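Working notes, beginning with the structure itself.
Here, each number is a calculation from the coordinates, and none is a lab measurement. Only a predicted model underlies this, so the values are computations on that prediction, with no experimental measurement involved. Here Cβ is always computed from backbone atoms with ideal geometry, including for glycine, and neighbour counts include all displayed protein chains.
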Amino acid sequence: MKTNPLKSLVPGIVAATVLAMATSVGAQTPPAPSPAAKSPPAAPMTGHHKGSDARAKHAADMKAECQAMMAKKQEMQDKLQAMDATLDKLVAEMNAAKESKQPGALESPMAAVINELVAQRKASRSMMMEMQPAMMAHMTHHMQRHGAKGEMECPMMKTGKAPEPKAEETKPKM
């Protein structure tokens, strides 16, 4: 009598499959905790808000730095306005001397205007060179904190565009 080879093979395959599944299921379940391995109760998280405290401190520091830069900028603008007033006075004196018919009356006021222009240009350049590194460092701090949009969050950058010079200011008065 001939027996079908599958009849003897199938129960062995089924048994092997059941055994493999039983071992894999056992590997997936966690072992029961032993009484000695219990962890102590979790301590309260006292420092989990430190990141927001650090951010608030950094924001306050940046605000103070922005205000200091704005004060320096305002101081420089005030100095430039004082320079302009001095120059306006000298130009008015020069123009008044031009009306005079005396020979050589125009040379001294012209020399005063030229000397003042040279002195003001040197002073202006010195102020700009002094302010430039501080300004670059300030903008770098904004960029490090907020990326490319950081510089636009600075109040110095939100002042808008510079005013156009008046028509009478663009032409020299002589």
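A few notes on this one:
- Chain lengthening between Ala59 and Asp78 when straightened (0.36 nm per residue, less Cα-Cα): 4.0 nm
- Scattering curve values for the range 60-156, log₁₀ I(q)/I(0), Debye with Cα scatterers, q = 0.14, 0.15, 0.19, 0.25 Å⁻¹: -0.65, -0.70, -0.89, -1.19
- Of Ala137, Ala97, Asn115, farthest towards positive along the dipole that unit charges on Lys, Arg, Asp, Glu beta carbons give the range 60-156: Ala137
- Checked against a 29 Å cut-off, the cross-linked pairs Lys98/Lys122; Lys89/Lys122; Lys73/Lys98; Lys79/Lys101 give Cα-Cα distances beyond that limit for Lys73/Lys98; Lys79/Lys101.
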